[in-house]
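Asker: So that we are looking at the same thing, I have put the structure below in structure tokens.
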Amino acid sequence: MLNHQQLSTMIKLQQELDDKIAETRAVKTNQEILDAKFLALMIEIAEFANEQRCFKYWSSKPPSEKNILLEEFIDGLHFVISISNNYNLNLIALEITDQNYQNLTDAFLDLFATTLQFQLKKDFTTVEKWFNIYYAIAQQCNFTSSDIFNAYLAKNKINHLRQEQNY
């Protein structure tokens, strides 16, 4: 989905943001930060699923607008790139393969399970599986690589501004 240049840029920008946060905040231990990042990732995935509404069988309300879904998607992407950077996982080497899910609910459930597995294993194979699931969800939401890359750049700027404003 994302090309190597886009992903390289995002990895670099995420590292710069993480470094800025570490410089300006009273940083806890590495393990406390990583635990917080994994919890934040789970929350962001849940917020994305909530806006997607695929599991809300009791409601006829449609998913949120694409820009809202994309923003939630990007929030999760920020955290998984950040965590991968912490473990020096080479995301450029990701091999993306098509994932077939009967529905988005199944994909989100698999994503949650894989996120928990990633927290335990912290290895390249698991993060690669995570990306494959996340990209499958992105495809179902009709996000293009340009959508993802441009939304990431925009949110990264917002995140830097928030740090400058003592968010």
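Asker: From a point 7 Å beyond the Cα of Gln31 in the direction of its Cβ, which residues of segment 107-135 have a backbone N at a distance under 16 Å?
Answerer: Residues passing the 16 Å test: 119-122.
Asker: With charges set only on the Cβ (+1 for Lys and Arg, -1 for Asp and Glu), what does the dipole of segment 88-141 come to about its Cα centre, in debye to the nearest 20?
Answerer: So the magnitude is around 180 debye.
Asker: Relative to the longest principal axis of the C-alpha atoms of the chain, give the angle of the C-alpha long axis of helix 30-52, reported between 0 and 90° and rounded to the nearest 10°.
Answerer: The answer is roughly 30 degrees.
Asker: Express the accessible area of the chain per residue in Å², computed with a 1.4 Å probe while the remaining protein chains stay in the model.
Answerer: So the chain comes to 55 Å² accessible per residue, rounded to a whole number.
Asker: On to the next question. If the cut-off is a Cα-Cα distance under 28 Å, which lysines reach Lys155, setting aside same-chain residues fewer than 8 apart in sequence?
Answerer: List returned: Lys12, Lys20, Lys28, Lys37, Lys56, Lys61, Lys66, Lys122, Lys129.
Asker: Per-residue ellipticity at 222 nm for the chain, helices alone: DSSP H runs ≥ 4 residues times -39500 (n - 2.57), over residue total, nearest 500 deg cm²/dmol?
Answerer: -24500 deg cm²/dmol, from helical runs alone.
Asker: Step by step: find N for segment 103-167, compute 2.2 N^0.38 Å, then divide the Cα radius of gyration by it. What's the final number?
Answerer: Cα-based Rg divided by the globular estimate yields 1.37.
Asker: Among Tyr152, Phe131, Pro63, which residue has its Cα positioned farthest towards the positive end of the charge dipole of the chain, with +1 placed on the Cβ of Lys and Arg, -1 on the Cβ of Asp and Glu, and the dipole taken about the Cα centre?
Answerer: The listed residue farthest towards the positive side: Pro63.
Asker: List residues of segment 123-167, by number, whose backbone nitrogen lies under 12 Å from a label position 7 Å along Cα→C-beta of Glu16.
Answerer: 153-154, 156-158, 160-161
Asker: Another one. I'd like the orientation of helix 145-164 relative to the chain: the angle between its Cα long axis and the longest Cα principal axis, in ° from 0 to 90, rounded to 10.
Answerer: Once rounded, the angle reads 40 degrees.
Asker: In whole angstrom, how long is each semi-axis of the equivalent ellipsoid of segment 1-131, when you take the square root of 5 times every eigenvalue of its Cα gyration tensor and sort them from largest down?
Answerer: Values for segment 1-131, descending: 26, 17, 15 Å.
Asker: Still on this structure, I have one more. How much of the accessible area of the chain, probe 1.4 Å, is carbon plus sulfur, in whole percent?
Answerer: In the chain, the share of accessible area belonging to carbon and sulfur is 51 percent.
Asker: Once fully extended, how much extra length lies between Asn85 and Asp98, figured as 0.36 nm per residue of separation less the alpha-carbon to alpha-carbon distance?
Answerer: 2.2 nm
Asker: Could I ask something else about it? For the chain, what does the relative contact order come out to in percent, with C-alpha contacts under 8 Å and a separation of six or more?
Answerer: 34
Asker: Sorted by accessible area with a 1.4 angstrom probe, largest first, how do Arg162, Arg53 fall?
Answerer: Arg162, Arg53
Asker: Just how large is the dipole of the chain about the Cα centre, in debye to the nearest 20, putting +1 at every Lys and Arg Cβ and -1 at every Asp and Glu Cβ?
Answerer: 180
Asker: Something else now. Distance in nm between label sites at Lys56 and Ala154, each 7 Å beyond Cα in the beta-carbon direction?
Answerer: 2.2
The values are calculated or read from the model by the stated rules, or taken from the named source; none is laboratory data. Computed from a prediction, not measured in an experiment: that's the story for all the values here. Here Cβ is always computed from backbone atoms with ideal geometry, including for glycine, and neighbour counts include all displayed protein chains. For accessibility, only protein heavy atoms count, side chains too; no ligands or nucleic acids. Shrake-Rupley method; radii C 1.70, N 1.55, O 1.52, S 1.80 Å.
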